[in-house]
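What follows draws every value from the coordinates through simple rules; no lab data is involved. Given the structure is predicted, the values throughout are model-derived calculations rather than measurements. A quick note on method: Cβ atoms are made from the backbone with ideal geometry, for glycine too, and the neighbour counts reach across all protein chains shown.
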Ligand SMILES: [Zn+2]
């Protein structure tokens, strides 16, 4: 997911890479897939990363690919492995869209903290020329394996919680525009969409809330190859 800023870049990306090139070149950033991907990677469930050393090594490679695909579009909120054609439960996300706070999450899960939901507009790299207005839990506990192979839990609020839930949806093969609780707004031109975004993105920054660390399990010593 990118969320609202840099919509120009996402649409350009989709047009240039997704629709016209349609292929991924070796030694280049992976193409971010759009919903017209003929392999339907965006609508399939991703498989868990094995809790083994080789599983962890595989995830490291995926994270590298995710970062190289997303960096040209920063500031951005995140990107999930199925969006680059890899059906594994890994994504990267940033609680304030900054590259400094980009975090990798392997085998993520979340628990809502309370029933409060907030609705907000979401863009997605995989969905050009449409936005989804989606209710998401305001506060969650997010648990995942991080880049240091530690199982960590953070309390996420506001924008960070929204991003995490959006990326978890990708791992289930669910696009935000396909959710039954989403209101979808389609655009016919880039200019129209950019004008809409400029109006609504102003309020986003107030929801940038730094994740609160909760717990960490040490690196497993008994992992097998
Ligand atoms: Zn997305």
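Okay, here's what the table says:
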{"read-out": "Centre separation in Å (Cα based) which lies between segment 128-157 and segment 72-111", "value": "9 Å"}
{"read-out": "Packing-based ranking, highest mean first, of 43-53, 100-110, 76-86 given that Cβ atoms within 10 Å are counted", "value": "76-86, 100-110, 43-53"}
{"read-out": "Label point distance in nm, residue 200-residue 119, each placed 7 Å from Cα along Cα→Cβ", "value": "1.0 nm"}
{"read-out": "Peptides ranked, highest mean first, by Cβ atoms within 10 Å: ranges 124-130, 29-35", "value": "124-130, 29-35"}
{"read-out": "Gyration tensor (alpha-carbon) shape descriptor, segment 7-217, a/c threshold 1.5", "value": "oblate"}
